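What follows is a single structure, written as structure tokens, with notes after it.
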Amino acid sequence: MSFLKKWWKNKLNKSSNDVNTSQEVDSDSNLYKFKLSSFSEVVYVSKILLKKEKVLINLNEIEKAERRRILDFLSGVIFFKNGKAKKLKDHIYYFSLKSTF
């Protein structure tokens, strides 16, 4: 197994307790709401998204360069799974897989 595959597998197997992000869940619509504070939290968000859940992220507290990295990463995830993204307001984004949009 390549280094990258091992690294990715390790990242995906981490528990949600390893993430210090602000999170809310709307159980009626399966919408997860995150207020991210760093790029390191994006792997956890992508795990939620890959479980066919809807994700709303708030990037107000993130610097511009790091915000771009987060959006690029999540855009890659939804592109891979044929999903969609929508900018709702400044620094507020909605991500969903096509089947749940």
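Here are some notes:
- Entry remark, region 44-74: residues being on the phi > 0 side of the Ramachandran plot and modelled with pLDDT of 90 or more number 0 in total.
- Picking from residues in region 49-101 that are surrounded by fewer than 19 Cβ atoms within 10 Å (Cβ to Cβ) and β-branched (V, I, T), the one that is nearest to S38 (Cα to Cα) is I92.
- Close Cβ contacts (under 7 Å, 6 or more residues apart or on different chains) running from residues in region 56-71 that are charged (D, E, K, R) to residues that are at pLDDT 95 or above and exposed (fewer than 13 other Cβ atoms within 10 Å of the Cβ) are absent.
- Residue check, V42 crowded, with 19+ Cβ neighbours inside 10 Å and touching a Ser or Thr at 6+ places or on another chain (Cβ under 7 Å): no
The values are calculated or read from the model by the stated rules, or taken from the named source; none is laboratory data. Nothing here was measured: the structure is a model prediction, and the numbers come from that model. All Cβ positions, even for glycine, are placed from backbone atoms using ideal geometry, and neighbour counts span all protein chains on display.
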